[in-house]
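Let me begin by presenting the structure, written as structure tokens, before commenting on it.
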Amino acid sequence: MEDADFADRAVFLPEANALVLADLHIGRDAASNVSLPLGEQEDLTTRFDALLTKFSPNEVVLAGDVLHAFDRIPEDAVETFADLEKRANDAESDFVAVHGNHDKLLSQLVECPDEYRLADGTLVCHGHEEPDSTAPRYIIGHDHPAIAIEGKRRPCYLWGPETFRDADVLMLPAFTRLASGAVVNGMRGSDFQTPFVGSSSPFRPIVRDDNADETYRFPALGEFREML
């Protein structure tokens, strides 16, 4: 995945000029009665704005689970979604929201396809079910991967070369910081909720340290878990 730039739980693909992030779970604070110190809306929109400034993408794709609640869309969630869309439009970026398993009501806010193909052929889908289309590379979310290193849990990306239909898979961490993440250290293929992971062993964790401005690429889990 050398052609990708990683930042703040998102990925930018230069050849497609596209920014992709997954699992915003807008409205999760209202559903769980917890919040970030800045508040969910301010946290999501501020970080989203920073990514737009950093990459200036032609398009932004939200890879599913844009919303959190299944049965209603809280007013704050409507406002947050509208704010994200406006920020993308102000940055002259096309704004696309892909349907995830939590997004039963997302069509009330925006047209939401089940999958979306980027200019470089990459297919973006949420990852909770197999896509209809084939692609040389898939970008998914859904499982909220994290890895524990030296006792600290860190959100991580999982990169699987030729692991699904002989194509590459990149699983993104949850963009919301309210998701603690599923620690992948000891997870086997059957522990994942996505059909994109048959075996976890070939998947390589990628950890982004935005404070140090460093991206750390680790060996495949089959090898790396022996080092942890």
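Every number here is computed from the coordinates shown, using simple stated rules; none is lab data. Remember, predicted model here, so these are calculated numbers, not experimental data. Using ideal geometry, Cβ is built from the backbone for each residue, glycine included, and neighbour counts are taken over all protein chains shown.
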Give me, ordered by chain and number, the residues 5 or more places off residue 139 or on other chains with an amide H under 5 Å from its own placed amide H. 123, 124, 125, 170
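May I ask you to compute the full-extension gain from residue 46 to residue 165, defined as 0.36 nm times their residue separation minus their alpha-carbon distance, rounded to one decimal in nm?
Working: separation 119, 0.36 × 119 = 42.84 nm, distance 3.69 nm.
Extra length available between residue 46 and residue 165 comes to 39.1 nm.
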Could you go through segment 190-198 in sequence order and give the Karplus-derived ³J(HN,Hα) for each residue, using 6.51 cos²θ - 1.76 cosθ + 1.60 with θ = phi - 60°, rounded to whole Hz, and x for Gly and Pro? 5, 7, 7, 8, 9, x, 6, 10, x
For residue 187, what is the net charge nearby, where nearby means another residue's Cβ is under 11 Å from its Cβ and Lys, Arg count +1, Asp, Glu -1? 0
What is the Cα centroid distance between segment 80-146 and segment 183-220, reported in whole angstrom? 21 Å
Please list, in order along segment 170-177, the HN-Hα scalar couplings obtained from phi with the Karplus expression 6.51 cos²θ - 1.76 cosθ + 1.60 (θ = phi - 60°), rounded to whole Hz, x for Gly and Pro. 10, 9, 8, x, 5, 6, 5, 8
Using alpha carbons only, how many degrees (0 to 90, rounded to 10) separate the axis of helix 40-55 from the longest principal axis of the chain? 70 degrees
Tell me which label goes with the value of Rg and Dmax of the Cα atoms in Å computed from the coordinates here: (1) 16.4, 47; (2) 18.0, 59; (3) 16.4, 54. (1)
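Tell me the mean residue ellipticity at 222 nm calculated for the chain from its helices only (DSSP H runs of n ≥ 4, each -39500 (n - 2.57), averaged over every residue, nearest 500).
My calculation for the chain gives -5500 deg cm²/dmol from helical runs alone.
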For the pair residue 188 and residue 79, the simple spin-label estimate (label points 7 Å beyond Cα toward Cβ) gives in nm 4.8 nm
Scan around residue 67 for amide H atoms under 5 Å from its own, H built in the peptide plane at 1.01 Å from N, and keep only partners 5 or more places away or cross-chain. 25, 26
Spelling out what I want: for every residue of segment 96-101, take phi, set θ = phi - 60°, compute 6.51 cos²θ - 1.76 cosθ + 1.60 (Karplus), and round to whole Hz; glycine and proline get x. 10, 10, 8, 6, x, 5
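Can you give the local net charge around residue 214? Use residues other than it whose beta-carbon is closer than 14 angstrom to its beta-carbon, Lys and Arg +1, Asp and Glu -1. If you can, show how the numbers build up before the last one.
On the way: positive: 154, 208, 217; negative: 5, 8, 209, 210, 213.
Once positives and negatives cancel, what remains is -2.
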Starting from the amide H of residue 97, placed 1.01 Å from N in the peptide plane, find each other amide H under 5 Å away whose residue is 5 or more places distant or on another chain. 62
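In the neighborhood of residue 57, defined by Cβ-to-Cβ distances under 10 Å, what is the net charge if each Lys or Arg adds +1 and each Asp or Glu adds -1?
-2
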With the charge dipole of segment 84-223 built from beta-carbon charges (+1 for Lys and Arg, -1 for Asp and Glu) about the Cα centre, the Cα from 126, 158, 106 projecting farthest to the positive end belongs to 158
